[in-house]
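The values are calculated or read from the model by the stated rules, or taken from the named source; none is laboratory data. Quick caveat: nothing in here was measured; it's all calculated off a predicted structure. Quick reminder, even Gly has a Cβ in these numbers, built from the backbone with ideal geometry, and neighbours come from all protein chains shown. Keep in mind that these areas ignore ligands, DNA and RNA; they rest on the heavy atoms of the full protein, side chains included. Shrake-Rupley method; radii C 1.70, N 1.55, O 1.52, S 1.80 Å.
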Amino acid sequence: MLSHQHHGHGEHGHDHEGLVGPHTHLTSVGIDIGSSTSHLMFSRLLIGYPSLLQRKPIVVERNVIARSPILLTPFSGDWNIEAEPLRELIDDTFKEAGLTRDHIDTGAVIITGEAARRDNAGKIAELFADKTGKFVCATAGPTLETIMAAHGSGAVLTSREQGLTLLNIDVGGGTTKISVIVEGRIRATTAVNIGARLVAHDGAESVIRLEKGGRRFLAALGQNIDYGAKISDDLRQRLAARMAHVLFDAVAEGKQPWNEFYISSPLGELPKIDGILFSGGVSEYIYGRETRGFGDLGPYLGREIRKQADVRGFNILDAGEGIRATVIGASQYTVQLSGETIFIPESMSLPVRNLRVFVAQVDWDAPVSDRAEAAVKKVLGERDPEVRDAPFVLAFSTPPFVGYGAVQELAKGIDRALAVLPLEDQPSALVFVQNVGQVVGGMLSAKWNMPCIDEVSLTELDFIDVGEVVEGEGFVPVVIKSLTFGV
């Protein structure tokens, strides 16, 4: 249980309407280093229990303390990320907010988009997560970035509260991420090569950045310009119009203008859409919150995307956050205990930290083994290339327990799925909602040196630490660091 402690910075009131039992405050920071921009945000999280029946503490309130200025992500001549300007941004924002590192309880450093593809991306993340036990440190591929944007914009919450089917389109500098959300659950995601900084220019209108996707769009307009060439206002307008048209062709019909336009698998056939929300840097122009130019296609692309959405009959809803939709994600601690029915191999060295979570949805319908095998292969096959080398756990979301016969079939399916995977794609641990870890682990132990912990609930936005087995008790503490998007 969390005690009533007011961690973090500043004064707190003690009247929290609707809360039952003990609660606590945490001060968090989210740092987002993206293709085009980098920024950070400080939040105060209220962790508590909304009812007597709710045993698991949750984030019930989030208040923003401070936001940094937006910094164009600094890249060196070899297109690696420069650390010093980012360090200055972070230090200055801490100072202006009246905070120090000691005030921070938890946080997340996320590198997204094109920045995630740079050689030193992982090292940059770790550089700023100087309290690695408290921070989620992640290089986000397109799938995780799409999920974060859908939560951060408020699309998931709006969909859940109003029972709507929504689209969230996150338009950034290097890529655009699209998600379909049905009654609060993300049902499909994709990412495409559309972004405001695929072509960028200086004050003299000379091209200073030209990505592969930018060249493709220019070629479609019969243009073959290169670095240093002038790019006129008219061409920028036409380029943005082409991008917006192609974007909605991809959303509505799954069309692509060239091979490799899709970064991840297309959405497939869309359900009836009740509304559309936008996030990412370009959304500031779509919603009319920004009018300044930053040497890219942002203002043009914002206008053209808004126009296309209207022409195609989409109902545009307000988003809670735009450019800051991913940075609003900050890590929180929740601690769960897994014991009695777990399986920990004797040769397993604990603790292990910062394991990304991937969730397989499995039911108990026959044939359980075949369905489990297919679910595991699907989840692991869809992992972003950027995270293939990072350790992870495979969590299983299952309906209420129906008997050990079905659990044995589940283990057989997992075994078959793992058998065809290369070593680098093997999970570090298996996690189950029901108390089946010992059964599954015992069946898999002859072949796989893999811990199986249970009675732990996880989502695809979680990272976990698995602690050492508590001597004499037989359980392990599991620290869950969730990318949280306040209420």
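Points to keep in mind about this one:
- Take Thr100: with every protein chain present and a 1.4 Å probe, its accessible area is about 70 Å².
- Percent carbon-and-sulfur accessible area, segment 158-290, ignoring ligands, DNA and RNA, probe 1.4 Å: 43 percent
- Above-threshold pairs, the threshold being 25 Å between Cα atoms, out of Lys377/Lys447; Lys123/Lys481; Lys272/Lys481; Lys177/Lys377: Lys272/Lys481
- Cβ-based net charge around Ala395, under 10 Å, with every Lys or Arg adding one and every Asp or Glu removing one: -2
- Within-12-Å neighbourhood charge of Ser206 [Cβ basis; K, R +1; D, E -1]: -1
- A 1.4 Å probe over all protein chains sorts Glu88, Glu290 by accessible area into Glu88, Glu290, starting with the largest.
- Paramagnetic label reach from Arg187 (point 7 Å along Cα→Cβ; backbone nitrogen cut-off under 14 Å): within segment 258-299, residues 267-275.
- Heavy-atom accessible area order for Leu164, Leu380, largest first, 1.4 Å probe: Leu164, Leu380
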